[in-house]
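Data block below; observations after.
Any read-out appearing in this document is the output of simple, stated calculations on the displayed coordinates, not a laboratory observation. Because the structure is a prediction, the values reported are computed rather than measured. Counting neighbours? That spans all protein chains shown, and the Cβs are built from the backbone with ideal geometry, glycine included.
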Amino acid sequence: MDINIKFLHIPPYISSSWNNISALSFDETKGVLKIVLTSGTLVEIPRLPKETLEKIFQTHAKALSAEERPSSSKEGLLGFKIPLGMGDQLLNFGSMMQHNFDQRHSPPLSKDLLNKIRSTIHAIGMDPSLFPDPEPHCNCPHCQIAKAILPTSEESAPLEGEEEISEEDLRFQDWEIEQTNDHLYLVTNPLNKKEHYNVFLGKPLGCTCGEKNCEHLRAVLRT
């Protein structure tokens, strides 16, 4: 084991320079040190002595302080860099945490990158609610990421496996449906009780509105 300002060497778990390490965190419940690499890989090291943990965190802080402040926007404010998958371009952690009006027309971030960012945030135990809310109609990196990870955001991108509710689905909620007999249903407009229709689900299907495949019939079928 060797821990110095240039690299971290803890066999058989990790041997890397600090430049390749984005963030450190410690899970007290599991007693596991979590190391997030710039590639997005998570390294977990269990059962390290308290003295070793303190030395690792102190050395990491010294390594960050020793780095010259970069002029390029590729460097993260907290030493946190995530590869964009386009050559050597990197997304810095600072841009993730701050809305940038000048970058409002940025190209969309890939789903793979958003998933990687989501996984990294989860791995280091960061609360997504700490992210400032995204600005409407802005496409800067922060707003794109915030829309993807904040479940309460109105413009939040649907998570993988979720279905978006269409306008047609919402229209089905505009009708009150009551079964009055076998295969017979009364469909009423809750905003105008005088507007009501009888829908028959026998053979043939039909509605008193006279239209085929009308929204009243579809509403009953949905229920």
Difference of contour (0.36 nm per residue) and Cα-Cα distance, D2 to D174: 55.2 nm
With only alpha-carbon atoms counted, please give the Rg and Dmax of segment 16-68, in Å. 11.3, 36
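Å³ per residue of the Cα convex hull, for segment 174-221? All intermediate terms of the calculation are to be shown ahead of the outcome.
Numbers: hull volume 3.1 nm³, N = 48.
So the per-residue hull volume is 65 Å³.
For Cα pairs less than 8 Å apart in space and 6+ apart in sequence, what is the mean separation divided by the residue count of segment 174-221, i.e. the relative contact order in percent? Spell out each step's value before the answer.
Values: 71 pairs, mean separation 13.5, N = 48.
28 percent.
Using Cβ contacts closer than 10 Å as the measure, can you line up H99, H216 from fewest to most? Write down the numbers at each step before the final one.
Values: H99 17, H216 23.
Ordered from fewest to most neighbouring Cβ atoms within 10 Å, H99, H216 come out as H99, H216.
Say the cut-off is 20 Å between C-alpha atoms; which of K6/K116; K6/K55; K55/K116; K34/K55; K62/K116; K30/K50 go over it? The partial results should precede the final answer.
Details: K6/K116 27 Å; K6/K55 13 Å; K55/K116 29 Å; K34/K55 15 Å; K62/K116 27 Å; K30/K50 14 Å.
Distance filter (> 20 Å) returns K6/K116; K55/K116; K62/K116.
Hey, can you rank 110-122, 47-59 by average C-beta count inside 10 Å, highest first? All intermediate terms of the calculation are to be shown ahead of the outcome.
Working: 110-122: 15.8, 47-59: 12.8.
So the order, starting with the most tightly packed, is 110-122, 47-59.
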What spacing in nm lies between the two simple spin-label points modelled at R218 and N198, each 7 Å away from Cα in the Cβ direction? 2.5 nm
